[in-house]
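Below: one structure, written as structure tokens.
The values are calculated or read from the model by the stated rules, or taken from the named source; none is laboratory data. All values derive from a computational prediction rather than experimental measurement. Here the Cβ is made from the backbone with ideal geometry for all residues, glycine too, and neighbour counts use every protein chain on show. Note: areas computed on protein heavy atoms with side chains; ligands, DNA, RNA excluded. Shrake-Rupley method; radii C 1.70, N 1.55, O 1.52, S 1.80 Å.
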Amino acid sequence: MREDARETISTLCRYKGVEIIAGAVCTDHIHLNIAIPPKISISNFIGYLKGKSTLMIYGRHPELQSKWDKAFWARDIM
């Protein structure tokens, strides 16, 4: 699962021309330090990353959909 998350995020960043400066995939969360090109808004990219990565990971691991009630990423508190 950890390797799938790393590969998925790396692939999606590469598609959008976003550079991963540093990152860590932990057991229950992910840290990313990324450089987003000025032509892409931060919120649009994060929405894209969270949405597409969820679909890709659930495509590889359908059993996780029922485990987390389709909420792979935590909801934003702000």
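Residues of the range 14-55 that are modelled with pLDDT of 90 or more, under 15 Å from Asp4 (Cα atoms) and open to solvent by less than 90 Å² (accessible area, probe 1.4 Å): Leu49 alone. Among the residues of the range 4-11, is any among the polar types (S, T, N, Q) and within 20 Å of Glu63 (Cβ to Cβ)? Yes, the range 4-11 contains at least one residue that is among the polar types (S, T, N, Q) and within 20 Å of Glu63 (Cβ to Cβ).
Checking each residue in the range 56-78 for being farther than 18 Å from Glu3 by Cβ, open to solvent by 80 Å² or more (accessible area, probe 1.4 Å) and at pLDDT 65 or above picks out only Ser66.
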